[in-house]
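Each reported figure results from applying straightforward, stated rules to the coordinates on display, with no laboratory input. As the structure is a computational prediction, the values presented were derived from the model and not from experiment. When we count neighbours, we look across all protein chains shown, and the Cβ atoms used for this are built from the backbone with ideal geometry, even at glycine.
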Amino acid sequence: MADFDQNGNPVPPQEPAQEAATAAEQAQQQTPPPQYGQTPPPQYGQVPPQYGQQPYYGEKPMHTPTLVVGILAIVLAFATGFVGLILGIVGIVLHKKYKDTYNTKIGYILSLIGLIIGAIITVVMIVLIAIGVTAAIGLAGLGAL
């Protein structure tokens, strides 16, 4: 039995392998792309990710403790100076410890800023205390005369 195209012309018969290839191409074209938030199906020869695991796309995950210590270093540097200085050092040590495994760049930068601000405020506090003590001793010496 001959098949006809849209214009009524006869269509030559196709081989079964060619029909299967055409059906596979049509099925591949009809597969919708993955929706936002869904992982694409694995390609041929790749192992799909296990249940509960996110696929690794080459970017290191964020290291939250370094980020938190960096933020606290800046905030507490303005409040006390010395605590910001200590937390800045802790954040830098955490960065050096985990920089190969996690993305710690932002935490490192925040810790460095907290360290610098903490050091400046600590030095200013020491100078102000020294001036105050010197002034108190001077006033006490004047009162003794």
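Annotation: residue 105 fulfils all but one of (1) out of contact with any His (no Cβ under 9 Å at 6 or more places or on another chain); (2) free of Cβ contacts under 8 Å to residues at least 12 places away in the same chain; the unmet one is (1).
For the stretch 96-111, the set of residues classified as closer than 13 Å to residue 68 by Cβ and not hydroxyl-bearing (Ser, Thr, Tyr) consists of 106, 107, 110, listed by residue number. The number of residues in the stretch 58-108 being within 19 Å of the chain's Cα centre (by Cα) and in a loop (DSSP other than H, G, I, E, B) comes to 10.
Entry remark, the stretch 96-137: residues being surrounded by fewer than 16 Cβ atoms within 10 Å (Cβ to Cβ) and either farther than 20 Å from residue 74 by Cα or of a type in the set (Ser, Thr, Tyr) (or both) number 14 in total.
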